[in-house]
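None of the figures in this text is laboratory data; all of them are computed from the coordinates on show. Note that the structure is a prediction, hence the values are computed from the model and not measured. Using ideal geometry, Cβ is built from the backbone for each residue, glycine included, and neighbour counts are taken over all protein chains shown.
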Amino acid sequence: MSLPNPHPPLIVIVGPTAVGKTDLAIRLAQRLNAEIISADSRLFYRGMDIGTAKPSRAEMALVPHYLIDVANPDETWSLALFQQKAHELITDLHTRGKLPMLVGGTGQYIRSVTLGWTPPEVQPDPRLRKVLEMLAAQYSPYWLHEKLRVLDPISADRMDARNLRRTVRAMEVILTSGQLFSSQRGASQSPYQLITIGLNRPRTALYSRIDERIDAMFAAGLLIEVQTMLEKGYAGEPELPSLSAIGYRQAIAVLQGRMSIETAKVEMKRLTRMFVRRQSNWFKENDPTIKWFEMDDNTLSAVETFILAELSN
């Protein structure tokens, strides 16, 4: 007879953007007396609701959500801070007799909690950062990203070449420590009984949902949302992490007359497809630690049955 798992449980729900994680997680949480900790780095920022497909107030009223709207757009929530806050919330939920549910599509944030990653301890080097940023300005962020790929292809594959801030940080860690950025995460045995659920759809169906979501963003007022941000002084500099999210740069270009709405939609759809492919580098369908489910009318019941069986082991 197997002994009960000594670690407190943590439900983890992963999958590509637009697959339906939010809706399923809310309905599942209602059934399981669970509360939701968001692991989507785009949802940290206040006032960025439409372009990030943030859960609505009505949805968040159904089940408590955490780590959403925790920062202003010009503030940075580091991986280390997220990891700390997530662990604190998980402990609090267990203390209150609630089942914690970590939900999102930002792979490094989820792994930092589930695998006990230790973020690199290399301190920022302002002078080195300045040099790297100057090189990116001279030759382009894509050029710097290719230099990172030569040094550390694993890290390069996992980050967006347009996200200059992350590329600079990875290069800074490598050049300062002499070690690969991808090797410095470290890992320890998880303190939790991990029950990881992967959600998926056929790629054509997923792309269709992405297209519909982006069209709906513009209909819901994405341009007004971004205009409001600009009026508050968030100008969209390359180093502003929040505005590196897909949709915000395109919306700014539309508002400044540099891009038509239709061109913006096409670019957003293309970039989101690329983002989905990068997400698959974090959550692979052959990963034995993830139980995958195709999304259909029976998925909610199937996932609930699986989780209850795992909790009873």
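Just a few scattered comments:
- If you plug the beta carbon distance of Leu230 and Leu115 into 1/(1 + (r/R0)^6) with R0 = 30 Å, you get a FRET efficiency near 0.20.
- Among [x] 32, 25, 18; [y] 32, 22, 18; [z] 28, 25, 20, the entry derived from the coordinates for semi-axes √(5λ) of the Cα gyration tensor in Å: [x]
- Cα shape, the stretch 126-183, gyration tensor, a/c 1.5 rule: oblate
- Modelled spin labels at Tyr207 and Ser190, positioned 7 Å past Cα toward Cβ, are 3.2 nm from each other.
- Label-to-label distance, nm, for residues given as Asn281 and Val70 (7 Å Cα→Cβ offset): 2.5 nm
- Likely footprinting exposure, Met134, Met171, fewest C-beta neighbours within 10 Å first: Met134, Met171
- Separation of the alpha carbons by more than 21 angstrom is noted, of Lys21/Lys269; Lys21/Lys54; Lys54/Lys269; Lys98/Lys284; Lys147/Lys269; Lys21/Lys284, for Lys98/Lys284; Lys147/Lys269.
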